[in-house]
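Engineer: Below is one structure. I have some questions about it.
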Amino acid sequence: MSETTQVLYELKGLTKRYVQKGKDINALNNVDLTINTGDLISIQGPTGGGKSTLLQMLGGLDKPTSGSITLLGQNLENMSEAQLAKTRGQQIGFIFQTFNLIPTLNALENVETALVPMGVSSVERRDRSMQALELMGLADRATHLPSELSGGQQQRVAIARALVKNPDVLLADEPTGNLDQDTRDQIIDLLEGIWRDKGLTLIMVTHDSAIAKRAKTHLMIANGKVSLK
């Protein structure tokens, strides 16, 4: 990743409409937004206001009804599913509220799953995954199943899985939503440290104002409209 600041995402007139129970919903409504490399951004807003839809667009998990979205100059809306899968696999790290760990795999194996689609050899997968767990302070938990880990430890494994592929951006959807306050603070401190040390871009959706205020840029989204808070 380059250390110089450049445009990471550019959204122009981004609109997403869908029908729910016979009613037209504008999940995103003509959104213009520029996100630079190295930004730390929080996103807040009411339920149904468009937060998850925006994160899905940034992650290449959904396509807009109209408008454009580029990631490092590449138009996501024009990519095939195979191209999107490759982009997600190499450039975007995802962190979820529910951790999304595979219960039958241990911590190390869960981290390794991020590298399998990239064609990384088994030896390199194991080495890189172990390094990612060490960064999270979980080297001694590598052979533990998710059920044998605390909520905070599971989220650290999930963060290691997101980081192991050296992405350009981390997208975190309520990353502390299932954690107690002390563990929440530890995880956010960890994410901020990673953002600062690695120079990547961190975008977090959160309902927690204490977390949102720690971001350099604080966005509000309501009725599909994005604004600076």
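The values are calculated or read from the model by the stated rules, or taken from the named source; none is laboratory data. Since the structure is predicted, the reported quantities are computational estimates derived from the model, not experimental observations. When we count neighbours, we look across all protein chains shown, and the Cβ atoms used for this are built from the backbone with ideal geometry, even at glycine.
Engineer: Farther than 30 Å from residue 148 by Cβ, surrounded by fewer than 15 Cβ atoms within 10 Å (Cβ to Cβ) and of a type in the set (Gly, Ala, Ser), is that true of residue 27?
Structural biologist: For residue 27, the condition - farther than 30 Å from residue 148 by Cβ, surrounded by fewer than 15 Cβ atoms within 10 Å (Cβ to Cβ) and of a type in the set (Gly, Ala, Ser) - is not met.
Engineer: Considering each of 149, 133, 145 in turn, give the residue that is aliphatic (A, V, I, L, M), over 17 Å from the mean Cα position of the chain (by Cα) and surrounded by fewer than 19 Cβ atoms within 10 Å (Cβ to Cβ).
Structural biologist: After applying the criteria, what remains is 145.
Engineer: Looking at 26, 36, 75, which is the one that is over 23 Å from residue 170 (Cβ atoms) and not small (Gly, Ala, Ser)?
Structural biologist: Sole residue among the options that is over 23 Å from residue 170 (Cβ atoms) and not small (Gly, Ala, Ser): 26.
Engineer: Right, here's the next one. I need the full set of residues from the stretch 201-217 which are closer than 23 Å to residue 15 by Cβ and of a type outside the set (A, V, I, L, M), in order please.
Structural biologist: Across the stretch 201-217, the qualifying residue is only 217.
Engineer: Counting only residues that are surrounded by fewer than 24 Cβ atoms within 10 Å (Cβ to Cβ) and within 15 Å of the chain's Cα centre (by Cα), which one in the stretch 172-190 is farthest from residue 115 (Cα to Cα)?
Structural biologist: Once the filter is applied, the top-ranked residue is 177.
Engineer: Could I ask something else about it? Before we move on, is residue 25 β-branched (Val, Ile, Thr), under 28 Å from residue 208 (Cβ atoms) and under 19 Å from the mean Cα position of the chain (by Cα)?
Structural biologist: Answer is no for this residue.
Engineer: For the stretch 36-51, how many residues are at pLDDT 95 or above and among the hydroxyl-bearing types (Ser, Thr, Tyr)?
Structural biologist: 2
Engineer: Of all strands (runs of 3 or more DSSP E) completely enclosed by the stretch 145-229, which ones contain at least 1 residues that are of a type in the set (D, E, K, R) and over 20 Å from residue 128 (Cβ atoms)?
Structural biologist: 169-173, 225-228
Engineer: Something else about it: Condition first: in contact with a helix residue (DSSP H, G or I) (Cβ under 8 Å, 6 or more places away or on another chain) and among the hydrophobic types (A, V, I, L, M, F, W, C). Now tell me which residues in the stretch 54-91 satisfy that.
Structural biologist: Correct list: 57, 61, 69, 71, 72, 76, 79, 84, 85.
Engineer: Quick one: which strands (runs of 3 or more DSSP E) sit completely within the stretch 18-118 and have at least 1 residues that are of a type in the set (D, E, K, R) and under 19 Å from residue 203 (Cβ atoms)?
Structural biologist: Once the strands (runs of 3 or more DSSP E) in the stretch 18-118 are filtered for at least 1 residues that are of a type in the set (D, E, K, R) and under 19 Å from residue 203 (Cβ atoms), what remains is 23-36.
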